[in-house]
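For reference, the structure is listed below as structure tokens.
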Amino acid sequence: MSETHQHQITGNLFITEDLTYLCLCPCCGAPDCGEEYMLLTESEERQEAVLFGGGTFRGYLNYWFYEGISPEEYSRLPEFVRRNNECVGWQDISAQQCTEIDADDFMLTLESIKNGSCKEYPNEDFENYYYPVFKKLVKEVMRKGQKLYISI
């Protein structure tokens, strides 16, 4: 997806999962110091979302930013990861609140994190919580032919 598509969050939002409890700030007690992200989709009746800590999730994505891989390896990374590293698209600070992302690419991102050799961050939380919850939502989005959005 080469262009950024924006989406408006409505008042008819249903949080299907809240994963923010996984990473509470030791100083203020807020999940990821209030840096909450939402992965969401929209059906005819309502919007459904998974709420999660953005700082924690970006930690998984930042592995490839700091690891120093070759340009060839970098070009093979999922677009979602590259956009995070380059602060464009969904991660562009000037982007609207809610940006459409490619469901297949996000699924590749999940698989890359799950199967990666990231040692800086314990993968148990990712494998036990993030991965199954995100995978369930994304598979449902793909099955229904819906769009997938991320709100930061």
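The values are calculated or read from the model by the stated rules, or taken from the named source; none is laboratory data. Worth saying up front: this structure is predicted, and the values here are computed from it rather than measured. When we count neighbours, we look across all protein chains shown, and the Cβ atoms used for this are built from the backbone with ideal geometry, even at glycine.
Out of all the residues in segment 97-140, which are in a loop (DSSP other than H, G, I, E, B), over 22 Å from THR20 (Cβ atoms) and at pLDDT below 95? Across segment 97-140, the qualifying residues are GLY116, SER117, LYS119. Taking segment 7-25 as the range and being surrounded by 14 or more Cβ atoms within 10 Å (Cβ to Cβ) and modelled with pLDDT of 85 or more as the test, the residues that pass are LEU13, THR16, GLU17, ASP18, LEU19, THR20.
Restricted to segment 40-54, and to residues there that are surrounded by fewer than 17 Cβ atoms within 10 Å (Cβ to Cβ) and either at pLDDT below 85 or in contact with a Cys (Cβ under 8 Å, 6 or more places away or on another chain) (or both), the residue that is farthest from LEU148 (Cα to Cα) is GLU45.
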